[in-house]
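Every read-out reported here was derived from the displayed coordinates using simple, explicitly stated rules and does not represent laboratory data. Note that the structure is a prediction, hence the values are computed from the model and not measured. Cβ: placed from backbone, ideal geometry, glycine included. Neighbour counts: every protein chain shown.
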Amino acid sequence: MSKVRCKWAQSNELLMAYHDKEWGVPVHDDRRLFEMLNLEGAQAGLSWLTILQKRANYRKAFDRFNARKIVGYGAARKAALLKNEGIVRNRLKINAVIENAKAFIQVQGEFGSFDHYIWQFVGGKPAKRRQALAASDQMSRDLKKRGFKFVGATICYAFMQAVGMVNDHSRECFRARRPG
């Protein structure tokens, strides 16, 4: 008997594995949170499958999303990233990762960790959909104020789904009632 999954995850083995093991599982690791925020931003205008297929390339291209390394990227590194066929070669999105690294480090300094900062928007535990929708708007505004890029409310909500700040598995989905 096959597992019943959310409809978006039924068409592709990579999506199925991501759905079954990652999507909706609470994440509290700063590096992973930074990665997912940037990957969700990279997805803007594209499908999640496109980004998921390029995730290993993104990790390699951006030093495993080590923000301290990324803030040091200069013109030569940016030019190389624009030529990297393994990632989305969009100047604005590449620059956003670098700007986000700067803002991320500032948030870590102010709050002790990005995890502590970002989870405050849902009171430290996964939220219900209505609360999460309001939180994504608030999160977007605050991230933008702090200098983050590609963090509109829709991207923030998708980020919240990805890192388990909201569990949006469909009722029929075998993961609906399990947060991890």
Dipole magnitude of region 35-180 about its Cα centre (Cβ charges: Lys, Arg +1; Asp, Glu -1), debye to nearest 20: 220
Rg and Dmax [Cα atoms of region 88-132; Å; Rg one decimal, Dmax integer]: 13.9, 36
Mean separation of Cα contacts under 8 Å, 6 or more apart, over the residue count of the chain: relative contact order %: 33
Span from the region 87-126 Cα centroid across to the region 1-71 one, whole angstrom: 15
Burial ordering of Arg91, Arg141, Arg55, fewest other beta-carbon atoms within 10 Å first: Arg91, Arg141, Arg55
Rounded, prolate or oblate (a/c below 1.5 giving rounded, otherwise prolate when a/b exceeds b/c) for region 1-119 by Cα gyration tensor: oblate
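Please work out how much length the chain gains when fully extended from Ser2 to Ala56, using 0.36 nm per residue of separation minus the C-alpha to C-alpha distance, in nm with one decimal.
Contour length minus Cα-Cα distance gives 16.6 nm.
On full extension of the chain, what length is gained from Arg64 through Phe174, given 0.36 nm per residue of separation minus the C-alpha to C-alpha distance?
Details: separation 110, 0.36 × 110 = 39.60 nm, distance 3.09 nm.
Result: 36.5 nm gained on full extension.
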Label point distance in nm, Asn95-Asp137, each placed 7 Å from Cα along Cα→Cβ: 2.9
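Taking only Cα atoms of region 61-176, what ratio of Rg to Rh do you get with Rh as the Kirkwood inverse-distance radius?
Working: Rg = 15.9 Å, Rh = 15.5 Å.
Radius of gyration relative to Kirkwood radius: 1.02.
What full-extension length gain, to one decimal in nm, is calculated for Ile105 and Gln10 as 0.36 nm per residue of separation minus the Cα-Cα distance? Let's see the in-between values first.
Working: separation 95, 0.36 × 95 = 34.20 nm, distance 3.70 nm.
Contour length minus the Cα-Cα distance gives 30.5 nm.
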